[in-house]
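Here's the structure, in C-alpha cells; my notes come after.
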Amino acid sequence: MNIHMVSVVGARPQFVKAAAISNVIRDGNYNIQESIIHTGQHYDANMSDIFFDGLGIPSPIVNLGVGSGAHGLQTGKMMELIEKNLQDMKPDCLLVYGDTNSTLAASLVAAKSHIPCAHVEAGVRTYDRKAPEEINRVVADHVSQILFCSSNLSVENLRKEGIVDNVYNCGDIMLDTFNKYISISKSKSSICEVLGLAKWDYYLATIHRPRNTDNKDNLFNILKALEIADKKVIFPMHPRTRAILADTLIGENIIIMEPVPYLDLLALESNADLIITDSGGIQKEAYWSHVPCIIVGLVPEWAELEQYGYSTLSKPITQDILKSIDRLQKNRHMLRYKDGIYGVGESAKVIIDTISKRFAHA
Ligand code: UD1
C-alpha cells in the first residue's frame, strides 16, 4: 500500500519548493502518493497559477481559497479548513515548506491531529520575533517530527533549541528547482530581449516584507536609493508593495512590472549586475547565479551568504543601500563563489527517500 503524503502549499516560494518534490515522486519509483492542498494564501494568477503551469506541479486536490487577511484571520481560516480536509483524507504524513502562515497553520493542525509532519527548510533563524516568518518557522520546527534543513547552520540552530532527533541536512530544495530550470530559462525566457536589457546593464529589485513595506518611511527610503542608483532598476512588484504604493509617483530609473513567472525571474536574476531584495529565496538564487546581492533588512535569514560575503545586509536607509551598492561593486572582483553551502540540488530525493523509508507500511 502506498504512503499517503499531503503537501500543504499556499505562497509563491512554496510552489517552487513543491515542484522539486512532485518531480522526484513523478520520476522515481516510490511508494508515495502525494496530494497537494493549496491554502489559497496567494491567489492572483501571476502569484500562483503561472507557477503550477510553468513548473509542472500537479493540480491541488483542493484549493481552500483562504485569500488575504490579518494574521489571525488568515491562519485561523486555514486551520479550520485544513483540519476538515485532513479528517477525510487521513494521510500518513504531512509535508510543509518554509515559513509562511500556510506553514504555520498546516503544522499546527498536523500536531493536534496526531499526523506526523515533516518541515522542509527547518532551522532557519533570525531571532527577530517581530517578523511573522520567524514565529512561523519556530512553531513549525517545534511541532514537526522530521526536520529537513538546508545547511549545517540550520542544523546547529535546531540543536541549540534541543531539536536533534530526525534532523537531516538535505541541502536546499530551491537549488533542485534552480538547477532544473536555469538552462531552460536561458533558452526559453525572452524577458530581457522584450525589456531591452543587456547583461549587467541593470539592477534587479524585489521588496515585499512587511518591515520594509508597511513602514512607509522604510519603503520610501528604499525607493529613493533605487531612484538614484547608478543603473536602471527592474522591479517586479509584489501586490502587497503595489497596494501600499498605490498612485505614488515613482522615479524614472525604476521600471516597475507585475510579478513574473519563474523562468523569467531566473533570467532577470542571472543577467542582473546586482540584486537588491528582502526575499529569502531570491538571495539564494542570486548566490547560485553568482550575482552579488544586497539584502534589505535588519537581520539575515540565510546568514551563510553574508558570512561568505556573497550578500550584504543593508538597513532600509537610502544612504546605507547606496553605500552597499558601491561596496559590492568595488569588491565584486574578489568574490570567489564556493559551491555546496546549500548542498548539490538533490534535496527532494533525500526528503522523499527518508519519508518513503520512515512511513513504509509494514
Ligand atoms: C507571504 C509570506 C512571506 C513570503 C511571501 C512570498 C507570511 C506571513 N508571509 O508574504 O513569508 O516571503 O508570502 O511572496 O505568510 N496579495 C494579492 N494577491 C495575492 C497574494 C497577496 O494581492 O495573490 C496581497 C494582498 O494585499 C495581501 C498582501 O498581498 O494582503 C500580502 O499577502 P500575504 O499572503 O498576507 O503575505 P505576503 O506578503 O505575500
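The values are calculated or read from the model by the stated rules, or taken from the named source; none is laboratory data. Just so we're clear, the structure is a prediction, and the values are computed from it rather than from any experiment. Here the Cβ is made from the backbone with ideal geometry for all residues, glycine too, and neighbour counts use every protein chain on show. Surface accessibility is based on the protein's heavy atoms, side chains included, excluding ligands, DNA and RNA. Shrake-Rupley method; radii C 1.70, N 1.55, O 1.52, S 1.80 Å.
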Spin-label model distance (nm) - residue 164 vs residue 59, 7 Å beyond Cα toward Cβ: 4.8 nm
Amide hydrogen neighbours beyond the local backbone of residue 122, cut-off 5 Å, H modeled: 148, 149, 150
J(HN,Hα) series, the stretch 157-162, from Karplus relation 6.51 cos²θ - 1.76 cosθ + 1.60, nearest Hz, glycine and proline x: 4, 5, 4, 4, 9, x
18 Å reach of a label modelled at residue 344, 7 Å along Cα-to-Cβ, counting backbone N of the stretch 156-178: 169-178
Hz values of 3J(HN,Hα) by residue in the stretch 6-19 - Karplus curve (6.51, -1.76, 1.60), Gly and Pro given as x: 9, 9, 10, 10, x, 10, 2, x, 6, 5, 4, 6, 5, 4
Accessible area of the chain belonging to carbon and sulfur atoms, whole % at 1.4 Å probe: 52 percent
Relative contact order (%) - the chain, alpha-carbon pairs under 8 angstrom, separation at least six: 16 percent
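At 222 nm, what helix-only mean residue ellipticity would the chain give, in deg cm²/dmol to the nearest 500, using -39500 (n - 2.57) for each DSSP H run of four or more?
Only helices count here, giving -14000 deg cm²/dmol.
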Euclidean distance of C-alpha centroids, the stretch 57-112 and the stretch 36-54, integer Å: 14 Å
Computed over the stretch 180-334: relative contact order in percent, which uses C-alpha pairs under 8 Å that are six or more apart: 25 percent
Amide H contacts of residue 237 (H built 1.01 Å from N, under 5 Å, at least 5 apart or other chain): 257, 258
Amide H contacts under 5 Å for residue 32, placed H, 5+ residues apart: 3
Given 130/188; 180/224; 188/284, the pairs whose alpha carbons are separated by over 30 Å: 130/188; 180/224
Sequence of 304, 156 from largest to smallest accessible area, 1.4 Å probe: 156, 304
In Hz, Karplus ³J(HN,Hα) per residue of the stretch 33-43 (6.51, -1.76, 1.60; θ = phi - 60°; x = Gly, Pro): 10, 9, 10, 9, 9, 9, 6, x, 4, 9, 9
Nearest-0.05 FRET efficiency for residue 89 and residue 358, computed from C-beta distance (R0 22 Å): 0.70
Area accessible to solvent at residue 186, 1.4 Å probe radius, in Å²: 140 Å²
Probe 1.4 Å - accessible area at residue 199, Å² to nearest ten: 100 Å²
Accessible area per residue, Å², the chain with all protein chains present, probe 1.4 Å: 42 Å²
Accessible area (Å², 1.4 Å probe, nearest 10) - residue 317: 80 Å²
